[in-house]
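This report refers to the structure that appears directly beneath it.
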Amino acid sequence: MSQFPDYYQLLNVSQSASQDEIRQAYKRESLRTHPDRLVNATPAEKKVATEKFQAVADAYFVLSDPTRRKEYDTLYATRASKGSTTDPSSSSNFFSQFSGMFGGGGAPPQQPNAEGVFADVFEELLRPEVERHVPWWSYLGAASGAGIGFIVANVPGLMLGAFAGNRLGAIRDAKGKSVAAVFSELGGSQKAEILRALAMKVLGSAL
């Protein structure tokens, strides 16, 4: 049988850590393990980093929710003494074996999407970094609004339409999922630059 994943060790927190401490620990560890930092990595190195990044997301997913954390702690108390590990592969095995215990009788949660967890936790910090690199939606909204405005009312309509379109674009930018989607579509070097900026804000260093 596979070893039990020690989510506390994966996040480098104690079992008595508060919810805020767990959130801050996830921010630190996810930035350290994010595979998109490794621009020049080999496929093998990228694979190892991706597995670590996923395991850190799994740890946060379980420990950040009071109900899931309580259920995990029940297992932890009986299984950790028989052998726990920070091996990333143990986390996938954990979800396949024990996810049914979560949810109080409802459908058990699937292993979380690591990129989705990252985008949700970092949404506030990620948004300005993404917008600085690719303010696509605002530009697209402005261009579309300007075109419609010009058709309706020539130059004055163009100016008014551009402003309205830009605002519509900004509203779309304000939706967290669109920011995550845009980030996921960026090139490797742009992602790495954004991650360095986030690391400076969270860790005080660019890793």
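General observations
- Inter-label distance, nm, simple model (7 Å from Cα along the C-beta direction), residue 70/residue 186: 3.9
- Near the amide H of residue 85, within less than 5 Å, lie the amide hydrogens of 4, 6, all on another chain or at least 5 residues away, with H placed in the peptide plane.
- Approximate spin-label separation residue 113-residue 200, in nm, with each point projected 7 Å along Cα-to-Cβ: 3.0
- Taking the Cα centre of segment 4-126 as origin and assigning +1 to Lys and Arg Cβ atoms and -1 to Asp and Glu Cβ atoms, the resulting dipole is close to 300 debye.
- When the alpha carbon coordinates of segment 1-48 are projected onto the principal axes, the ranges are 38, 32, 10 Å, largest first.
Quick note: the coordinates plus some simple rules give every number you see, no bench work behind them. Note that the coordinates shown come from a computational prediction; the quantities given were computed from them, not determined experimentally. Every residue, glycine among them, receives a Cβ derived from its backbone with ideal geometry; neighbour counts consider all protein chains shown.
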